[in-house]
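If you scroll down you'll find the structure; I have some questions about it.
The values are calculated or read from the model by the stated rules, or taken from the named source; none is laboratory data. Values in this document were obtained by computation on a predicted structure and should not be read as measured data. When we count neighbours, we look across all protein chains shown, and the Cβ atoms used for this are built from the backbone with ideal geometry, even at glycine.
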Amino acid sequence: MQPPLKKRLLIVSLALLIQFNYSIATRVLTGGIIPKLPIDVFPLSVIWVIPYALWYPIVYAGGTWLLLKSDARLFKAFAAGFTLTCILGVLTFYFFPTYIIDPPLPGADFFSKTLLFLQSIDGDYAAFPSAHVYVTTIFALFYSRWYPKFRWLWFFIYVMISLSTLLTHQHYILDVVGGTVYAWIGYRFGLWWVERARFNTLQHTG
């Protein structure tokens, strides 16, 4: 049975409020390091701003569907996992500040202008872990569990979004790896959380 929609909205709103600190971090942080490795040699390709920008409607649609259609167990697992992932990400942003250096854009075409606009939204800080990647990954993990036949689709989305962060030079390899690991931790925590709750319920009713 699904819990009341208002309760779900409240839970998701609290998680999003935590994640909103990303937007603050990108504008108030100073110092820190550039998490760039010698293997960060991806060429800038502004056309990859398309999958990078598509992240927003994908996450919105995926979140709305999960909010409205998932069963109570899956939603609780996702909510717990997503919240922990956001907490870990935000704490890292503030206590281990990292930033990127925006690349010069090659022209004034549509893709370059779109990337320039997104650069102004994203800011330079809060590079590690990549929020684009950890949000995508945790959605991919839970949706793959919910709809296993479409696991390939979510893997494709994960790969495309991850590559888009690298080929638009919005992130470095470490940011992608960090985002993936943080989401995996959140995913495992979410599953543990609901299993723990189920076990406690059985103990009290047994």
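When residues of the range 11-56 are filtered for being surrounded by fewer than 16 Cβ atoms within 10 Å (Cβ to Cβ) and over 24 Å from Leu116 (Cβ atoms), how many remain?
Summing the residues that are surrounded by fewer than 16 Cβ atoms within 10 Å (Cβ to Cβ) and over 24 Å from Leu116 (Cβ atoms) in the range 11-56 gives 9.
Exactly one condition in (1) exposed (fewer than 15 other Cβ atoms within 10 Å of the Cβ); (2) within 30 Å of Tyr94 (Cβ to Cβ); (3) at pLDDT 95 or above is false for Arg196; which is it?
Evaluating Arg196 over (1) exposed (fewer than 15 other Cβ atoms within 10 Å of the Cβ); (2) within 30 Å of Tyr94 (Cβ to Cβ); (3) at pLDDT 95 or above leaves (3) as the failure.
On to the next question. Can you tell me which residue within the range 158-187, out of those that are of a type in the set (A, V, I, L, M) and touching a Phe, Trp or Tyr at 6+ places or on another chain (Cβ under 8 Å), is nearest to Leu37 (Cα to Cα)?
Leu174
Considering the range 1-56 alone, what residues qualify as being among the small types (Gly, Ala, Ser) and outside any helix (DSSP H, G or I)?
Correct list: Gly31, Gly32, Ser45.
Taking the options Tyr143, Tyr94, Tyr99, Tyr125, name whichever one is among the aromatic types (Phe, Trp, Tyr), over 15 Å from Gln170 (Cβ atoms), touching a Phe, Trp or Tyr at 6+ places or on another chain (Cβ under 7 Å) and touching a residue at least 40 places away in the same chain (Cβ under 8 Å).
Sole residue among the options that is among the aromatic types (Phe, Trp, Tyr), over 15 Å from Gln170 (Cβ atoms), touching a Phe, Trp or Tyr at 6+ places or on another chain (Cβ under 7 Å) and touching a residue at least 40 places away in the same chain (Cβ under 8 Å): Tyr143.
Could you count how many residues in the range 57-71 are aliphatic (A, V, I, L, M) and under 15 Å from Ile11 (Cα atoms)?
The total comes to 3.
In addition: Test of understanding: among Phe75, Phe96, which residue is out of contact with any Ser or Thr (no Cβ under 7 Å at 6 or more places or on another chain) and either on the phi > 0 side of the Ramachandran plot or surrounded by 17 or more Cβ atoms within 10 Å (Cβ to Cβ) (or both)?
Phe75
Taking the conditions exactly as written (more than 19 Å from Leu9 (Cβ to Cβ), among the hydrophobic types (A, V, I, L, M, F, W, C), surrounded by fewer than 18 Cβ atoms within 10 Å (Cβ to Cβ) and at pLDDT 95 or above), does Leu84 satisfy them or not?
It is false that Leu84 is more than 19 Å from Leu9 (Cβ to Cβ), among the hydrophobic types (A, V, I, L, M, F, W, C), surrounded by fewer than 18 Cβ atoms within 10 Å (Cβ to Cβ) and at pLDDT 95 or above.
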